[in-house]
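All remarks here apply to the structure that follows.
The values are calculated or read from the model by the stated rules, or taken from the named source; none is laboratory data. Being a predicted model, the structure only gives us computed values, none of them experimental. Here the Cβ is made from the backbone with ideal geometry for all residues, glycine too, and neighbour counts use every protein chain on show. All accessible areas refer to the heavy atoms of the entire protein, side chains included, with ligands and DNA or RNA removed. Shrake-Rupley method; radii C 1.70, N 1.55, O 1.52, S 1.80 Å.
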Amino acid sequence: MKTVNHWIGGRAAEGASGRYGPVYDPATGEQTTRVAFASDGEVDAAVAAARDAYASWSTASLAARTAVLFRYRELLDARRDEIARLITAEHGKVHADALGEVARGLEVVELACGIPALLKGELSTQVSTRVDVASLRQPLGVVAGVTPFNFPAMVPLWMFPLAVACGNTFVLKPSEKDPSAALRVAELAAEAGLPDGVLNVVNGDRTAVERLLDHPDVAAVSFVGSTPIARAIQSRAVAHGKRVQALGGAKNHMLVLPDADLDFAADNAISAAYGSAGERCMAVSVVVAVGAAGDELVKKIAERAAALRIGPGTDPASEMGPLITAEHRAKVASYVRGAAAQGAEVVVDGTGLTVPGHENGFFLGVSLLDRVPVDADAYRDEIFGPVLCVVRAETYDEAIALINGSKWGNGAAVFTRDGGAARRFQLEVEAGMVGVNVPIPVPVGYHSFGGWKDSLFGDLHVYGPDGVRFYTRGKVVTTRWPDPAEVGGVDLGFPRNH
Ligand code: NAD
């Protein structure tokens, strides 16, 4: 069986704690790999390696840093397929989807290649007589990243390329459910010339995370995962004096107005609800159908759901793969089984699916629930599986009130041909990322990604301009070169500009 270890100080480090976790091929249900779980001592070794590397990396020229990043971009580009295969083997998503994930991660590396322009400071000359003021951004030190299972390569790539481009050094703790892709992207960074210790990977569970949160040499923490853990991470890291961005879970709503093109809306609802088996934080999990749109839209979604091809992610014919674990599949299925008793209409029930030849895989068919009451568990909880809820509303006002009543605020979309209604929605909806006829509005690398309310704890979003702000701190330098003729004289008053 394959073992996934740690990556510390530029080399593989075998797990020394004696604790390991299982990694499965979700398409077969078999354990293929064991992943080392780091002890406090192993986390300390990774942080020490990062701290040692910080002095020279933070003072390396921008030219030297970007030379590494450009080489890294080329290597990742050349190895897209290999990384995507690692993702499919442990996460289960279909190969084409895994390639999409790598492409979106690459966008952030490309952004990081432009770091000289992003780090340019500001200068004001002659703010007072012979006085200039410059604003600079400097790195923080050692920063940590903790990432979820559902984007095992992309979410790490949201974080460390920009963090190291800004001059920080990094310790990554990937998901223990599918750790191989993150380890591979870290090895490739070393191959691109990133000096030893600048990027370290510790694998493990809560023990490793808590040590990073408490460690006095870790200056900041980027976290992406579920809401309860995000909330706990933020408060613990803040209590230890760290800067934190903790992105949490979601329940993304797609509002369909009666004037929308319903075939277009149905295609997009299906793709965004069931892509990656619904295991995306930007998945559409609720369609809010207004007025007459409802019956026709549900019919069109159900027709399309019946035609979806579900199978192993390695089969090019598969459109949707399995879920991450048997436990998660059972949990997702329980929402579908409990929905009717809580007042929903089960239009499509995917819980009985078996995939021939893959009977032990963690497959679940797609489910469609209509007229879901807002107090039903299927509406209230983040299911994180291939289950789409439809909620009916009579008017736009009723629909927006319902969406804004959700505790989450990651993404939201409106489907309409009415520009005025779309504009109102953009301004009124309480979510960090909004799509207009775009169901999964994940921002490009040079804008920032983040939600509102229980979808993000902290102030700054990830990557894009907010990523640069998060991974740097401001410094303002005020300089005077006095005319020798003017030197002299004591003034105890507060300095005034003149
Ligand atoms: P998770 O919260 O279970 O785990 C995320 C990370 O936290 C993992 O590395 C895990 O090892 C660690 N962790 C788990 N329990 C911990 C604990 N008690 N203490 C400290 N660390 C702990 O999330 P997941 O199941 O891997 O990922 C799915 C979740 O992530 C979903 O809720 C999804 O919406 C969310 N997500 C959000 C975004 C976003 O951008 N907002 C993106 C991707 C995923």
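Here are the numbers for this structure:
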| quantity | calculated |
| --- | --- |
| Label-zone membership for the range 307-333, site residue 271, 7 angstrom Cα→C-beta point, backbone N under 17 Å | 307-309, 318-321 |
| Share antiparallel - DSSP beta bridges, the range 252-436, percent rounded to 5 | 10 |
| Shape category assigned to the chain from the gyration tensor of Cα positions, a/c cut at 1.5 | oblate |
| J(HN,Hα) series, the range 50-56, from Karplus relation 6.51 cos²θ - 1.76 cosθ + 1.60, nearest Hz, glycine and proline x | 5, 5, 5, 6, 5, 4, 7 |
| The range 252-436, relative contact order [Cα under 8 Å, separation at least 6], % | 27 |
| Distant-in-sequence amide H partners of residue 244 (H built 1.01 Å from N, under 5 Å) | 221 |
| Centroid-to-centroid separation of the range 400-437 and the range 83-156 [C-alpha atoms, Å] | 27 |
| ³J(HN,Hα), Karplus 6.51/-1.76/1.60, whole Hz, each residue of the range 450-461, x for Gly, Pro | x, x, 10, 6, 6, 8, 7, 10, x, 9, 9, 6 |
| Value of relative contact order over the chain, rounded to a whole percent, pairs C-alpha under 8 Å and six or more apart | 18 |
| Extreme residue, positive dipole direction of the range 252-436, given options 396, 332, 301 (C-beta unit charges) | 332 |
| Separation between Cα centres of the range 3-68 and the range 182-207, rounded to whole Å | 5 |
| Qualifying lysines (Cα of each under 20 Å from Cα of residue 120; at least 8 residues distant if same chain) | 475 |
| Protection proxy ranking of 247-259, 485-497 - average other beta-carbon atoms within 10 Å, highest first | 247-259, 485-497 |
| Size of charge dipole - the chain - debye, nearest 20, with Cβ of Lys, Arg +1 and Asp, Glu -1, no other charges | 1040 |
| Sulfur and carbon atoms: percent of accessible area, the range 252-436 [1.4 Å] | 49 |
| Neighbour-limited loop hits for trypsin sites (Lys or Arg not before Pro), the range 303-382 (at most 14 other Cβ within 10 Å; DSSP other than H, G, I, E, B) | 309 |
| Net charge dipole size for the range 252-436 [Lys, Arg +1 and Asp, Glu -1 on Cβ; Debye, nearest 20] | 260 |
| Dipole-positive endmost among 457, 322, 346 within the chain (Cβ charges, Cα centre) | 457 |
| Long-range amide H partners of residue 413 with built H, under 5 Å | 253, 254, 255, 435 |
| Dipole of the chain [Lys/Arg +1, Asp/Glu -1 at C-beta], most positive-end residue of 437, 290, 228 | 228 |
| Cα-Cα over 23 Å, subset of 173/453; 173/251; 242/453; 251/331; 93/299; 93/331 | 173/453; 173/251; 93/299 |
| Under Karplus coefficients 6.51, -1.76 and 1.60, residue-wise ³J(HN,Hα) of the range 31-41 in Hz, glycine/proline x | 6, 10, 8, 10, 10, 5, 9, 6, 8, 4, x |
| Restricting the range 295-363 to GluC sites (Glu not before Pro) in coil, as DSSP defines it, with at most 15 other Cβ within 10 Å | 359 |
| 14 Å Cα-Cα reach of residue 300 towards aspartates and glutamates, excluding residues that sit fewer than 8 places from it in its own chain | 261, 263, 267, 370 |
| Amide hydrogen neighbours beyond the local backbone of residue 9, cut-off 5 Å, H modeled | 197 |
